[in-house]
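Trainee: Got a structure here, written out as structure tokens. Questions coming.
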Amino acid sequence: MKELSPLQKERLNYNPKLPACLQGGVNKLVITEGEKTQSVANQKEISELFKNSYGMPTVTFSTSDNEDVKPAKNIGVILSGGQAPGGHNVIAGLYDALKQANPENKLYGFLGGPSGIIDGKYIELTDEIINAYRNTGGFDIIGSGRTKLETEDQFKKAWNVCQNLNITGIVIIGGDDSNTNAALLAEWFLEKKAGIQVIGCPKTIDGDLKNEQIEISFGFDTATKTYAELVGNIQRDANSAKKYWHFIKLMGRSASHVALEVALQTHPNVTLISEEVEAKQMSLADVVTTITKAVVNRSEMGKNFGIVLVPEGLIEFIPEIKSMISNLNDVLALIEDDADYMNAQTEVEKYEIIKNRLEPQNAEVYSSLPNMIKSQLLMDRDPHGNVQVSRIDTEKLLIAMVRERLTKMKEEGRYNGKFSDLAHFFGYEGRCAFPSNFDADYCYSLGFNAFALMNFGLTGYISSVRNLTAPAKDWVAGGIPLTMMMNMEKRHGEFKPVIKKALVEIDGPVFKYLQDHREEWAMEDCYLFPGAIQYFGPSEVADITTRTLQLEKN
Ligand code: FBP
């Protein structure tokens with residue numbers, strides 16, 4: 001038998017909390033329809049593209065005394081995209097609801113992400129498998145992947161695989177792109193009268209799949225608590241040794257929700273927020289000025305140490321770099337036909353060729369970057385066409401530029417401090433942590449609820465559990481039509497229907513809190529030390545939600 005750590009053993013026994021409305025049993029649920037819905041924008045275009053699934057009502061569940069056992073069915077589940085703590089509990093909740101509804105029901109897990117349903121790679125999930133993964137981090141129960149499920153050919157293959165397994169419902173656990181694809185697949189199955197339902201679940205540590213209806217994506221809570229623990233520990237080290245400036249890049253892709261939440265949990269000296277940089281049209285030089293000011297001012301107080309939080313996607317929000325990346329994407333799209341580039345012998349030759357292909361002002365920006373960043377910008381895009389920001393050392397770029405600025409200031413006699421820097425990147429450290437109690441409960445409820453939506457014959461919905469700052473028993477469970485969250489956006493040069501990504505609102509309460517405190521946090525040492533996630537103990541510590549959720553709900 002495989003050896004387990006003491007915490008692994010204990011967490012297997014944790015009983016996730018369900019909202020009271022789901023506790024009466026899945027066969028006793030009644031569904032209440034809300035108003036018919038509209039997409040958040042571009043209603044005409046979206047309604048034309050989703051003729052069969054547009055305009056459906058929101059739904060909520062409550063419990064009745066009558067039990068209704070439906071005939072046995074087979075369901076498939078897919079984990080899509082980056083890992084997020086709690087994914088296993090979504091599957092456990094789904095499995096428990098499905099078996100509770102009818103012990104003859106079966107759950108198939110597609111292996112390695114969306115490609116599993118195209119290639120027909122799956123396992124049947126059993127008590128033994130599910131029980132080994134309850135309340136654990138990671139997606140290793142069936143694996144995940146980033147294949148985009150979007151073409152007619154893929155849909156046909158998926159249909160074929162479902163027919164062979166007699167599957168009548170698929171649950172897709174993913175972020176905004178994966179849930180967009182869930183909506184497309186649901187619509188396609190409806191059009192073909194395939195009799196296969198599709199339900200999405202909101203996953204991503206980035207926290208950018210949220211809106212009026214979805215309060216938070218799962219995984220954000222645990223990941224930010226994990227990073228906040230690490231940042232708090234570094235702050236204590238910095239405050240003890242008083243000799244380093246720590247530049248800490250935090251994962252989160254485009255949106256800065258992760259950096260903002262970690263800042264509110266730890267009170268670092270400088271927190272950069274990409275959305276603010278863009279709104280204020282700050283140049284790279286302006287960003288460097290912001291950090292340098294804090295370094296110089298603190299140095300004048302005898303403090304040659306501090307903490308800078310850098311959101312992962314910052315580089316894409318700096319206007320001159322954003323323009324250069326967009327131009328670079330066009331150049332790279334044709335690069336395989338560029339014999340000069342393909343035959344280039346050295347990296348430096350490649351930079352020169354790229355520079356010559358870019359428009360003049362973008363060429364200038366590209367050339368001004370250190371070689372390390374130049375080559376990171378040339379790396380492959382992800383399947384959705386995004387620059388892989390987790391692989392760009394923005395924190396090191398900023399360190400190099402701050403150092404250069406300080407050297408110049410020293411030569412001019414305007415600065416006399418010491419600057420010793422250290423770079424960190426926290427991302428993968430938090431994506432597979434044991435889910436916090438919040439994520440364990442939320443995810444289990446999302447999965448349980450996803451099956452309830454299936455059992456009522458719904459398709460094209462995302463599982464929704466709301467009222468999340470209240471105790472779990474008071475959470476509200478139901479479903480939101482995926483088309484309600486959509487708008488049209490340009491992707492690869494074409495307008496496409498996509499779920500709207502939520503960026504940090506710089507006129508919202510969460511950013512405002514940072515804004516009101518950042519001057520003080522820059523100069524005084526107001527560091528908070530959140531410590532490790534607590535899984536046991538008083539509810540005020542073990543069940544607490546994020547500051548973001550608390551501020552947004554107030
Ligand atoms: P999702 O959007 O799929 O949830 O992924 C989140 C994320 O962790 C981002 O924060 C990060 O930029 C990216 O995945 C890293 O991707 P990869 O795991 O492919 O390195």
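Every read-out reported here was derived from the displayed coordinates using simple, explicitly stated rules and does not represent laboratory data. Predicted model only: the values in this text are computed from it and were never measured. Counting neighbours? That spans all protein chains shown, and the Cβs are built from the backbone with ideal geometry, glycine included.
Trainee: List the trypsin sites (Lys or Arg not before Pro) in the stretch 1-108 that DSSP assigns to loop (not H, G, I, E or B) and whose Cβ has at most 16 other Cβ atoms within 10 Å. Which are they?
Mentor: Passing both the DSSP loop test and the Cβ count: LYS2, LYS51.
Trainee: Still on this model: So which of LYS157/LYS374; LYS44/LYS490; LYS249/LYS500 end up more than 28 Å apart, counting from Cα to Cα?
Mentor: LYS157/LYS374
Trainee: Would you pull out the residues with amide H under 5 Å of SER283's amide H, same chain only if 5 or more places away, H placed 1.01 Å from N?
Mentor: Hits under the 5 Å cutoff: none.
Trainee: Label SER283 and GLN515 with points 7 Å out from Cα along Cα→Cβ: what is the distance between them in nm?
Mentor: The two pseudo-label positions are separated by 2.4 nm.
Trainee: Okay, moving on. Only Lys, Arg, Asp and Glu count, each charged at its Cβ (+1, +1, -1, -1), so figure out the dipole size of the stretch 49-180 about its Cα centre, rounded to 20 debye.
Mentor: 280
Trainee: Moving on. Can you list residues whose amide H is under 5 Å from GLN534's amide H, if they're 5+ apart or on another chain and H is modeled 1.01 Å from N?
Mentor: none
Trainee: Loop only by DSSP, 14 or fewer other Cβ within 10 Å of the Cβ. Give me the trypsin sites (Lys or Arg not before Pro) in the stretch 178-216 that pass, ordered by residue number.
Mentor: Passing both the DSSP loop test and the Cβ count: LYS192, LYS193.
Trainee: Something else about it: From the residues THR126, ALA400, SER62, which one has its Cα farthest along the dipole of the chain in the positive direction, the dipole being from +1 and -1 charges on Cβ of Lys/Arg and Asp/Glu about the Cα centre?
Mentor: Of the listed residues, the answer is THR126.
Trainee: Helix 257-266: angle to the longest alpha-carbon principal axis of the chain, degrees 0 to 90, nearest 10?
Mentor: Relative to the chain, helix 257-266 is tipped by roughly 70 degrees.
Trainee: Please report, for the Cα atoms of the chain, the Rg to one decimal and the Dmax as a whole number; what are they, in angstrom?
Mentor: Reported Rg and Dmax, both Å: 24.6, 81.
Trainee: Follow-up. Note the angle between two axes, namely the Cα long axis of helix 220-241 and the longest principal axis of the Cα atoms of the chain, as a number of degrees from 0 to 90, rounded to the nearest 10.
Mentor: Helix 220-241 sits at roughly 30 degrees to that axis.
Trainee: So, one more: Sorted from fewest to most neighbouring beta carbons within 10 Å, what does the list SER323, SER274 look like?
Mentor: Ascending number of Cβ neighbours within 10 Å: SER323, SER274.
Trainee: Measuring from label point to label point, each 7 Å out along Cα→Cβ, what is the SER62 to ASP337 span in nm?
Mentor: 6.2
Trainee: Would you order LYS148, LYS408 from fewest to most other beta-carbon atoms within 10 Å of each residue's own beta-carbon? Mind dumping the intermediate values first?
Mentor: Working: LYS148 17, LYS408 12.
With the fewest neighbours first, LYS148, LYS408 line up as LYS408, LYS148.
Trainee: Could you order the peptides 420-426, 445-451, 523-529 from most to least packed, using the average number of other C-beta atoms within 10 Å per residue?
Mentor: Highest-to-lowest ranking by the protection proxy: 445-451, 420-426, 523-529.
Trainee: Determine the dipole magnitude for the stretch 488-554: charges of +1 sit on the beta-carbon of Lys and Arg, -1 on that of Asp and Glu, nothing else is charged, the reference point is the Cα centre, and the result goes in debye to the nearest 20.
Mentor: The dipole magnitude comes to about 600 debye.
Trainee: To continue, here is another question. Taking the Cα centre as origin and putting +1 on Lys and Arg beta-carbons and -1 on Asp and Glu beta-carbons, what dipole magnitude results for the chain, to the nearest 20 debye? Walk me through the numbers on the way to the answer.
Mentor: Working: 58 positive and 73 negative charges, 123 e Å.
Using only the charged Cβ atoms, the result is roughly 600 debye.
Trainee: Would you compute, from DSSP H runs of 4+ residues alone, the mean residue ellipticity of the chain at 222 nm, taking -39500 (n - 2.57) per run and dividing by the full residue count, rounded to the nearest 500?
Mentor: Calculated mean residue ellipticity at 222 nm is -13500 deg cm²/dmol.
Trainee: Once the dipole of the stretch 425-511 is set up with Lys and Arg at +1 and Asp and Glu at -1 on Cβ about the Cα centre, which of MET484, VAL465, PRO435 lies farthest towards its positive end?
Mentor: Of the candidates, MET484 comes out farthest on the positive side.
Trainee: Now, a different point. Do you know the relative contact order of the stretch 87-127, to the nearest whole percent, from alpha carbon pairs under 8 angstrom that are 6+ apart?
Mentor: So the answer I get is 30 percent.
Trainee: Expressed as a whole number of Å, what is the distance separating the alpha-carbon centroids of the stretch 319-351 and the stretch 23-90?
Mentor: Each part's Cα centre sits 44 Å from the other's.
Trainee: Also, quick follow-up: For GLU104 and ARG491, what does the FRET efficiency come to when R0 = 30 Å and r is the distance between their Cβ atoms, rounded to the nearest 0.05?
Mentor: 0.10
Trainee: Going by Cα centres, the stretch 173-203 and the stretch 469-540 are how many Å apart?
Mentor: Value for the Cα centre distance between the two parts: 24 Å.
Trainee: Another one. Cα-Cα over 28 Å: which of LYS99/LYS203; LYS210/LYS355; LYS243/LYS408; LYS99/LYS553; LYS70/LYS193?
Mentor: Working: LYS99/LYS203 23 Å; LYS210/LYS355 39 Å; LYS243/LYS408 21 Å; LYS99/LYS553 35 Å; LYS70/LYS193 21 Å.
Among LYS99/LYS203; LYS210/LYS355; LYS243/LYS408; LYS99/LYS553; LYS70/LYS193, the Cα-Cα distance tops 28 Å for LYS210/LYS355; LYS99/LYS553.
Trainee: Also, I was wondering about something else. What distance in nm separates the simple spin-label points at LEU528 and VAL476, each placed 7 Å from Cα in the Cβ direction?
Mentor: My value for the distance between the label points is 2.7 nm.
Trainee: For the Cα atoms of the chain, what angle does the longest principal axis make with the long axis of helix 87-101, in degrees from 0 to 90, nearest 10?
Mentor: Value to nearest ten degrees: 10.
Trainee: Note down the relative contact order for the chain as a percent, whole number, built from C-alpha pairs under 8 angstrom at least six residues apart.
Mentor: 24
Trainee: Turning to a different aspect of this structure: Residue farthest toward the positive end of the dipole of the chain, with Cβ of Lys/Arg at +1 and Asp/Glu at -1: which of VAL26, SER39, THR271?
Mentor: VAL26
Trainee: A follow-up question, please. Show me, for the stretch 292-307, the HN-Hα J-couplings you get by feeding each phi into the Karplus relation (A = 6.51, B = -1.76, C = 1.60, θ = phi - 60°), rounded to Hz, glycine and proline as x.
Mentor: For the stretch 292-307, the Karplus-derived couplings read 4, 4, 4, 5, 5, 4, 5, 4, 5, 8, x, 10, 9, 8, x, 10 Hz, x marking Gly and Pro.
Trainee: Take the alpha carbon atoms of the stretch 396-443, find their center, do the same for the stretch 218-264, and report the distance between the two centers in whole angstrom.
Mentor: Answer, in whole Å: 9.
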